[in-house]
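Written below as structure tokens is the structure these notes are about.
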Amino acid sequence: MEAAAEAPPALSCFSYNQDCTSLAIGTTTGYRLFSLSSVEQLDQVHESNEIPDVYIVERLFSSSLVVVVSHAKPQQMNVYHFKKGTEICNYSYSSNILSIRLNRQRLVVCLEESIYIHNIKDMKLLKTILDTPPNTTGLCALSINHANSYLAYPGSATSGEIALYDGNTLKTACTIPAHDGPLAALAFNSTGSKLASASEKGTVIRVFSIPGGQKLYEFRRGMKRYVNISSLVFSMDSQFLCASSNTETVHIFKLEHLTDSRPEEPPTWSGYMGKMFQAATNYLPAQVSGMMSQDRAFATVRLNISGQRNICALSTIQKLPRLLVTTSDGHLYIYNLDPQDGGECVLIKNHSLLGSGKMEENKENDLQPPVPQSYAATVARPSTVPSTSTMPGYSEDGGALRGEVIPEHEFATGPVCLDDENEFPPIILCRGGQPGKAKRS
């Protein structure tokens with residue numbers, strides 16, 4: 001078989017944190033965390049070899065909270081305080097964990113046919129969404145804006161319907177008929193006001209308003225062949241949308257509305273033909289006219305590799321917009337992106353993720369602040385430390401019953417400052433040291 005002839009990937013998993021300031025990778029020996037604050041220097045923040053065969057590793061912004069799942073125990077989620085080297089808690093589920101999503105309010109665990117929503121302050125189980133359509137890849141997206149904690153996941157296994165769920169009120173928001181074929185990629189923008197989607201064909205990418213579900217943009221990635229979209233991500237300012245696939249081309253689209261006040265085009269042959277095509281769309285079927293009016297990529301990247309799994313991020317590093325591409329062979333490519341003219345992005349740095357990275361931990365630990373009183377105190381960061389009665393620790397029964405809405409005082413109030421790597425999440429352990437059970441209630 002072809003798969004047997006190929007060398008195994010150097011990385012078993014890799015993910016950017018919520019604001020694309022950190023990169024996490026998993027390998028057969030453990031996991032590593034990197035800071036993405038510099039182009040020339042790749043700073044390794046942490047390395048752990050205690051858990052082998054890691055296939056999910058997610059970091060909460062730039063805090064010391066990291067969630068890990070390994071092939072040795074694929075039904076168990078482990079939450080760690082990596083700077084202290086302690087386990088905060090762990091939860092076991094009824095089947096293998098396929099993906100995990102985090103923001104400052106919620107932690108979402110996606111299984112093939114169910115989704116578990118936890119309150120990230122104390123890890124109580126708030127809601128279990130049972131009998132979801134078969135979701136073998138664990139496709140789901142969670143808004144990183146904790147005040148707008150929308151969750152999106154496939155509403156059908158045969159069509160491109162998106163189920164939108166409000167993670168704060170714990171109620172279904174709406175369903176969006178996004179594509180004809182099954183979904184392959186979902187991504188929220190940073191405020192949770194837009195949702196991008198792609199189907200398994202990978203030819204068309206659509207952007208919808210949230211929570212209304214109105215279509216705002218439609219971009220064509222290509223028409224010649226179907227591809228597997230491996231990464232779909234907005235820039236933090238929501239001006240750009242990046243899509244990568246199993247091909248060698250990365251597409252970047254610009255989210256801008258064309259107005260009728262554009263200057264008159266010069267009388268060229270291409271301008272004349274463009275007007276002819278625009279006029280012709282009024283007489284064509286909606287499918288055809290829609291295809292002709294779709295925008296092309298604003299910028300592109302031609303990778304030197306093809307067929308490898310990769311993920312992308314659009315980030316501002318050292319005050320300039322960059323495109324980051326991480327590949328399964330263990331490399332991080334950094335490109336310059338021209339935000340005005342677009343075009344072909346220029347490769348400026350190639351980092352090896354499996355080499356020896358400069359460690360930041362000692363420097364960070366020298367600036368260690370006092371340990372907070374509880375997990376909730378760290379995540380919510382209130383101005384005054386509340387009493388212990390308002391900050392329950394981890395419960396052995398997994399928390400709230402199915403459908404229970406958390407009290408208003410448990411919501412995060414105001415901005416949460418977790419993007420400083422000198423801040424420390426909790427070190428409260430599960431009582432009794434027993435694994436927590438996310439029960440199907």
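The values are calculated or read from the model by the stated rules, or taken from the named source; none is laboratory data. Keep in mind that what you see is a predicted model, and the values were worked out from it rather than measured. Using ideal geometry, Cβ is built from the backbone for each residue, glycine included, and neighbour counts are taken over all protein chains shown. These area figures cover heavy atoms from the full protein model, side chains too; ligands, DNA and RNA do not enter into them. Shrake-Rupley method; radii C 1.70, N 1.55, O 1.52, S 1.80 Å.
Within segment 4-14, is even one residue farther than 22 Å from residue 329 by Cβ, in a loop (DSSP other than H, G, I, E, B) and either at pLDDT 95 or above or open to solvent by 10 Å² or more (accessible area, probe 1.4 Å) (or both)? Checked segment 4-14: no residue is farther than 22 Å from residue 329 by Cβ, in a loop (DSSP other than H, G, I, E, B) and either at pLDDT 95 or above or open to solvent by 10 Å² or more (accessible area, probe 1.4 Å) (or both). What residue, of 12, 48, 99, is without any contact (Cβ under 8 Å) to a residue 60 or more places away in the chain and within 26 Å of residue 130 (Cα to Cα)? From the options 12, 48, 99, the qualifying one is 99. Of all residues in segment 126-156, those satisfying the criterion of being over 16 Å from residue 19 (Cα atoms) and outside any loop (DSSP other than H, G, I, E, B) are 126, 127, 128, 129, 130, 150, 151, 152, 153, 154.
For residues in segment 209-241 being among the small types (Gly, Ala, Ser) and exposed (fewer than 15 other Cβ atoms within 10 Å of the Cβ), which is modelled with the lowest pLDDT? Top of the filtered list is 212.
Consider segment 88-121 and keep the residues that are out of contact with any Leu (no Cβ under 8 Å at 6 or more places or on another chain) and open to solvent by 10 Å² or more (accessible area, probe 1.4 Å). The one that is nearest to residue 60 (Cα to Cα) is 121. For segment 306-333, residues that are of a type in the set (Val, Ile, Thr) and surrounded by fewer than 21 Cβ atoms within 10 Å (Cβ to Cβ) total 3. Among the conditions (1) outside any strand (DSSP E or B); (2) open to solvent by less than 10 Å² (accessible area, probe 1.4 Å), residue 40 misses just one, which is (2). The single condition among (1) part of a strand (DSSP E or B); (2) within 24 Å of residue 188 (Cβ to Cβ); (3) touching a Pro at 6+ places or on another chain (Cβ under 9 Å) that residue 112 does not satisfy is (1). Each residue in segment 334-351 was checked for being open to solvent by 10 Å² or more (accessible area, probe 1.4 Å) and within 30 Å of residue 30 (Cα to Cα), and 6 of them qualify.
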